[in-house]
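K.L.:
Here it is, the structure in full.
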Amino acid sequence: MRAIGNGRIVMPMGVVENAALLFGEKIIGLVDAEAIRAQGEVEWIDAQGGYVIPGLVDMHIHGYLGEDTSDGKVDGLITMAEGIAKNGVTSWLPTTMTVSLAEIHAALDAVRKLMELGKSPDFRGARALGANAEGPFINPKKKGAQAETNILPPDASLIIGNADVIRIFTLAPEMPGALECIRTVREKTNVEASIGHTNATYEEARAGMEAGARHVTHLFNAQTPLAHRDPGVVGAALQAEGVSTEMICDNFHINPAVFPLVRKMKGDKLVLITDCTRAGGLEDGEYTLGGQPIFVKGVECRLADGTIAGSVLKLNHAVRNYLRATGCPVWEAVNAASLTPAKVIHVDDRKGSLEPGKDADIAILDGDFEVRSTIIGGKTVYTA
């Protein structure tokens, strides 16, 4: 057994100090720090006054360190998994784009293999819990950085046939066949439908939600905005109590002045994501996304025509940005990048918080939310 003490332990509804977190492969619980140290039989980890948080869950990330999920390479996914573990991410959904069907199938097969590799206790990267399919059932008018030539009509059979690996998929509810696709997938699988890359009206978005879509992809981006005569997808997302929604909190995709508004409207239905590209973790320059060139400068990723194309955001920094902009409690910001995404993809019985019985996926951060160490399944996989 191991114990982490001398830190601020972030639980789902508060921060606990003057205690220690006891764990093996699973979380055992909070114990008296002095008593557990006195025993001398437990390995002691000093958090040095930092935050002890549940491992972060990035449910929407395309690439990192020069690799991309849509490349369909297992080695590339391993590189990504090990890289994002250094950002406190312990679980993730490698995310495909609107690429060709052959590339989507190859990517899903690679994710399947990565999930098997992650079962080994010696695997040193974030564990893949499945895949996120962003497209190809989107609206060309809101394609963003996705290639229009690969957009397809909604087809439930693609999702159902890969329901062993796909955990969530994005589609535009206004496209012909979309509502039936949502209903069919919901009836036959546990895969969640998300509204995104959509030109839907408020009414069309609500129809998608009534059909069974329970999530909205990167709120505000690549969707109809909130206007006083047409509330759009954003209005529908903010209003719907049972619908969760993502935000890319890199202070570029969305002005941070908007974060407090979304917090008030969505509460515990907000998910922080990175939407990171292969340029993440690398220097400024030219890269690719979905086969198209992207240009990275600072926090900005754009196509040649200026279209925003993903991010280079780290999830621990998303938590920090959200925390600073909203002034919310630390536990609330952490939940948005751990417990809430775990709930969306139905793994909160074992992931997303430091509650007893869950997997011992833990990150230790300093006061500026930089990662000092990452623990997965009770084993340390990264130390700064």
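K.L.:
So, in segment 297-329, of the ones that are among the aliphatic types (A, V, I, L, M) and outside any loop (DSSP other than H, G, I, E, B), which residue ends up modelled with the lowest pLDDT?
P.N.:
So the first thing to find is which residues in segment 297-329 are among the aliphatic types (A, V, I, L, M), and the list is 299, 303-304, 308-309, 312-313, 315, 318-319, 323, 325.
With the extra rule that they be outside any loop (DSSP other than H, G, I, E, B), the set shrinks to 308, 315, 318-319, 323, 325.
Details: Ile308: 87, Leu315: 98, Ala318: 98, Val319: 98, Leu323: 98, Ala325: 98.
Taking the candidates together, the pick is Ile308.
K.L.:
When you go through (1) buried (at least 17 other Cβ atoms within 10 Å of the Cβ); (2) part of a loop (DSSP other than H, G, I, E, B); (3) of a type outside the set (Phe, Trp, Tyr) one by one for Leu21, which number turns out not to apply?
P.N.:
(2)
K.L.:
When you check Val89 against the structure, is it surrounded by 23 or more Cβ atoms within 10 Å (Cβ to Cβ), among the aliphatic types (A, V, I, L, M) and either closer than 22 Å to Lys113 by Cα or in contact (Cβ under 8 Å) with a residue 40 or more places away in the chain (or both), yes or no? Working first, answer last.
P.N.:
Details: surrounded by 23 or more Cβ atoms within 10 Å (Cβ to Cβ): yes; among the aliphatic types (A, V, I, L, M): yes; either closer than 22 Å to Lys113 by Cα or in contact (Cβ under 8 Å) with a residue 40 or more places away in the chain (or both): yes.
The answer is yes for Val89.
K.L.:
Is one or more of the residues making up segment 131-140 among the small types (Gly, Ala, Ser) and either open to solvent by 40 Å² or more (accessible area, probe 1.4 Å) or over 22 Å from Ile182 (Cα atoms) (or both)? First the steps, then the outcome.
P.N.:
Quick first cut of segment 131-140, residues among the small types (Gly, Ala, Ser) only: 131, 133, 135.
Going one step further and asking which of them are either open to solvent by 40 Å² or more (accessible area, probe 1.4 Å) or over 22 Å from Ile182 (Cα atoms) (or both), we end up with none.
Looking for residues that are among the small types (Gly, Ala, Ser) and either open to solvent by 40 Å² or more (accessible area, probe 1.4 Å) or over 22 Å from Ile182 (Cα atoms) (or both), one finds none in segment 131-140, hence no.
K.L.:
Moving on to the next point. Is there a residue in segment 75-82 that is assigned to a strand (DSSP E or B) and either basic (Lys, Arg) or touching a residue at least 24 places away in the same chain (Cβ under 8 Å) (or both)? Reasoning before the result, please.
P.N.:
Taking segment 75-82 first, the residues assigned to a strand (DSSP E or B) are none.
Checked segment 75-82: no residue is assigned to a strand (DSSP E or B) and either basic (Lys, Arg) or touching a residue at least 24 places away in the same chain (Cβ under 8 Å) (or both).
K.L.:
While we're here: Let me confirm something: among Val15, Val10, Val52, which residue is farther than 30 Å from Asp284 by Cα, open to solvent by less than 10 Å² (accessible area, probe 1.4 Å) and in contact with a Phe, Trp or Tyr (Cβ under 7 Å, 6 or more places away or on another chain)?
P.N.:
Details: Val15 fails: open to solvent by less than 10 Å² (accessible area, probe 1.4 Å); Val52 fails: in contact with a Phe, Trp or Tyr (Cβ under 7 Å, 6 or more places away or on another chain).
Being farther than 30 Å from Asp284 by Cα, open to solvent by less than 10 Å² (accessible area, probe 1.4 Å) and in contact with a Phe, Trp or Tyr (Cβ under 7 Å, 6 or more places away or on another chain) holds for just one of Val15, Val10, Val52, which is Val10.
K.L.:
Same structure, new question: Of the residues Ile182, Ile160, which is aliphatic (A, V, I, L, M) and open to solvent by 20 Å² or more (accessible area, probe 1.4 Å)? If you could, list the steps in order and put the result at the bottom.
P.N.:
Numbers: Ile182 fails: open to solvent by 20 Å² or more (accessible area, probe 1.4 Å).
On inspection, the qualifying residue turns out to be Ile160.
K.L.:
Only one of these conditions is not met by Gly357: (1) surrounded by fewer than 23 Cβ atoms within 10 Å (Cβ to Cβ); (2) assigned to a loop (DSSP other than H, G, I, E, B); (3) under 16 Å from the mean Cα position of the chain (by Cα). Which number is it?
P.N.:
In the conditions (1) surrounded by fewer than 23 Cβ atoms within 10 Å (Cβ to Cβ); (2) assigned to a loop (DSSP other than H, G, I, E, B); (3) under 16 Å from the mean Cα position of the chain (by Cα), Gly357 misses (3) alone.
K.L.:
Please determine, by comparing only the residues of segment 297-343 that are in contact with a helix residue (DSSP H, G or I) (Cβ under 7 Å, 6 or more places away or on another chain) and small (Gly, Ala, Ser), which one is farthest from Ala131 (Cα to Cα).
P.N.:
Within segment 297-343, the first condition is being in contact with a helix residue (DSSP H, G or I) (Cβ under 7 Å, 6 or more places away or on another chain), and the residues that meet it are 319, 321-323, 325-326, 328, 330, 333-337, 340.
Of the ones still in play, those that are also small (Gly, Ala, Ser) are 325, 333, 336-337.
Numbers: Ala325: 30, Ala333: 24, Ala336: 19, Ala337: 17 Å.
In this case the residue turns out to be Ala325.
K.L.:
How about segment 197-220: which of its residues are at negative phi and in contact with a strand residue (DSSP E or B) (Cβ under 7 Å, 6 or more places away or on another chain)? Outline the logic, then answer.
P.N.:
Of all residues in segment 197-220, those at negative phi come to 198-211, 213-217, 219.
The answer is Thr198, Ala205, Gly208, Ala213, Arg214, His215, Val216, Thr217, Leu219.
K.L.:
Counting only residues that are in contact (Cβ under 8 Å) with a residue 60 or more places away in the chain and farther than 15 Å from Ile61 by Cα, which one in segment 289-307 is least open to solvent (accessible area, probe 1.4 Å)?
P.N.:
Applying the filter and picking the extreme gives Ile294.
K.L.:
I would also like to ask the following. Could you check how many residues of segment 114-147 are closer than 22 Å to Glu204 by Cα and free of Cβ contacts under 8 Å to residues at least 40 places away in the same chain?
P.N.:
3
K.L.:
Any residue at all in segment 69-81 that is of a type in the set (S, T, N, Q), more than 30 Å from Ile375 (Cα to Cα) and open to solvent by 10 Å² or more (accessible area, probe 1.4 Å)?
P.N.:
Within segment 69-81, the first condition is being of a type in the set (S, T, N, Q), and the residues that meet it are 69-70, 79.
Narrowing the set further to residues that are more than 30 Å from Ile375 (Cα to Cα) leaves none.
Checked against the condition, which is being of a type in the set (S, T, N, Q), more than 30 Å from Ile375 (Cα to Cα) and open to solvent by 10 Å² or more (accessible area, probe 1.4 Å), segment 69-81 yields no hits at all.
K.L.:
Across segment 1-54, what is the total count of residues that are in contact with a Pro (Cβ under 8 Å, 6 or more places away or on another chain) and of a type in the set (Phe, Trp, Tyr)?
P.N.:
Residues flagged as in contact with a Pro (Cβ under 8 Å, 6 or more places away or on another chain) and of a type in the set (Phe, Trp, Tyr) within segment 1-54 amount to 0.
K.L.:
Kindly establish whether Ala333 is part of a helix (DSSP H, G or I), among the small types (Gly, Ala, Ser), open to solvent by less than 10 Å² (accessible area, probe 1.4 Å) and touching a Cys at 6+ places or on another chain (Cβ under 6 Å).
P.N.:
Details: part of a helix (DSSP H, G or I): yes; among the small types (Gly, Ala, Ser): yes; open to solvent by less than 10 Å² (accessible area, probe 1.4 Å): yes; touching a Cys at 6+ places or on another chain (Cβ under 6 Å): no.
So Ala333 does not fit the description; no.
The values are calculated or read from the model by the stated rules, or taken from the named source; none is laboratory data. Here the structure is a predicted model, which means the values were calculated and not measured. Glycine gets a Cβ as well: all are built from the backbone with ideal geometry, and neighbour counts include every protein chain shown. Keep in mind that these areas ignore ligands, DNA and RNA; they rest on the heavy atoms of the full protein, side chains included. Shrake-Rupley method; radii C 1.70, N 1.55, O 1.52, S 1.80 Å.
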